[in-house]
Amino acid sequence: MPWQILVLNGPNLNLLGTRQPDVYGSDTLDQIMSELADYATSRDVALRTRQSNAEGELIDALHDARGWADGVVFNPGAYTHTSVALRDAISAIELPVVETHLSNVHAREEFRHRSLLSAVCLGVVGGFGRHSYVVALEGLLRHLSDRAATDRPGDDRA
Ligand code: CA2
């Protein structure tokens, strides 16, 4: 069975392609998700994509993922820097989550340097524009494959 992955996008990412192309590139979110879907098909992975501007809806999407997903690629947008509620949701679902950013947040304003979410995520990817999503997905898939290999019955590696 292919890996099942949720790709979740947070506030204002629906505006991609309309403003600030110098920071976020000129592609729309639909274009970025469609390129990622092509990559997922080539890797035999089933993707579901979702965007919401509402913190509660993002939390609900993470809770729902617990029932079907193997992992999550998550661009939490500005909630990265503010949301204890999203941090608690990521901890609660016990799924590997990759925090993903288009921009290099550490090269930007100081308030973007702090993430409340990174410590409860499997990893963090940022700064590669639309390619950040492909890099995040590939890292997540390799993690899942490694974990599946070490979890095999009769395999007593740590
Ligand atoms: O670099 C990223 O992916 C961010 O998650 C994007 C967020 C920002 O608050 C984070 O610090 C880093 C903002 C997304 C807003 O996207 C816009 C797109 C077009 C026009 C205005 C905003």
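The values are calculated or read from the model by the stated rules, or taken from the named source; none is laboratory data. Only a predicted model underlies this, so the values are computations on that prediction, with no experimental measurement involved. Note: ideal-geometry Cβ built from the backbone for every residue, glycine included; neighbour counts use all protein chains shown. Just so you know, the surface numbers come from the protein's heavy atoms only, side chains and all, with ligands and any DNA or RNA stripped out. Shrake-Rupley method; radii C 1.70, N 1.55, O 1.52, S 1.80 Å.
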Rounded to the nearest 10, the angle in degrees between the Cα long axis of helix 84-93 and the longest principal axis of the Cα atoms of the chain comes to 20 degrees
Low-density loop GluC sites (Glu not before Pro), the range 51-96, at most 11 other Cβ within 10 Å, DSSP non-H/G/I/E/B, are Glu94
Among the range 1-21, those whose backbone N falls under 19 Å of a label point 7 Å along Cα→Cβ from Asp44 are 1-6
Note on the range 1-97: contact order normalised by length, alpha-carbon pairs under 8 Å, 6 or more apart, percent, works out to 41 percent
Given the candidates Ile93, Leu140, Tyr79, the one whose Cα lies deepest towards the positive end of the charge dipole of the chain, counting +1 at each Lys or Arg C-beta and -1 at each Asp or Glu C-beta, is Tyr79
About its Cα centre, the chain carries a charge dipole, from +1 on Lys and Arg Cβ atoms and -1 on Asp and Glu Cβ atoms, whose size in debye to the nearest 20 is 180 debye
Among the Cα-Cα pairs of the range 74-158, the proportion with separation greater than 17 Å, in percent, is 53 percent
Taking a probe of 1.4 Å and leaving out DNA, RNA and ligands, the chain shows per residue an accessible area in Å² of 53 Å²
Note on the range 51-120: contact order normalised by length, alpha-carbon pairs under 8 Å, 6 or more apart, percent, works out to 37 percent
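So how do Ser145, Ser115, Ser52 rank on accessible area, 1.4 Å probe, biggest first, that is with the largest at the start?
Of Ser145, Ser115, Ser52, the descending order of accessible area is Ser145, Ser115, Ser52.
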With Cα coordinates, the longest principal axis of the chain makes an angle with the long axis of helix 131-150, in degrees rounded to 10, of 20 degrees
Residue-normalised 222 nm signal for the chain, counting each DSSP H run of n ≥ 4 as -39,500 (n - 2.57), nearest 500 deg cm²/dmol, is -11500 deg cm²/dmol
Per the rule of 0.36 nm per residue minus the C-alpha distance, extending Asp60 to Ala78 adds in nm 4.7 nm
Carbon and sulfur atoms account, in whole percent of the 1.4 Å probe accessible area of the range 77-158, for 52 percent
Once the dipole of the chain is set up from charges on Cβ (+1 Lys and Arg, -1 Asp and Glu), the residue from the list His113, Trp3, Leu62 lying farthest towards its positive end is His113
Rounded to the nearest 10 Å², the 1.4 Å probe accessible area of Phe128 is 120 Å²
For the range 20-65, the percent of accessible surface on carbon and sulfur atoms (probe 1.4 angstrom, ligands and nucleic acids excluded) is 43 percent
Across 5 Å bins beginning at 0, the whole-percent shares of Cα-Cα pair distances in the chain come to 2, 9, 19, 23, 21, 15, 7, 3, 1, 1, 0
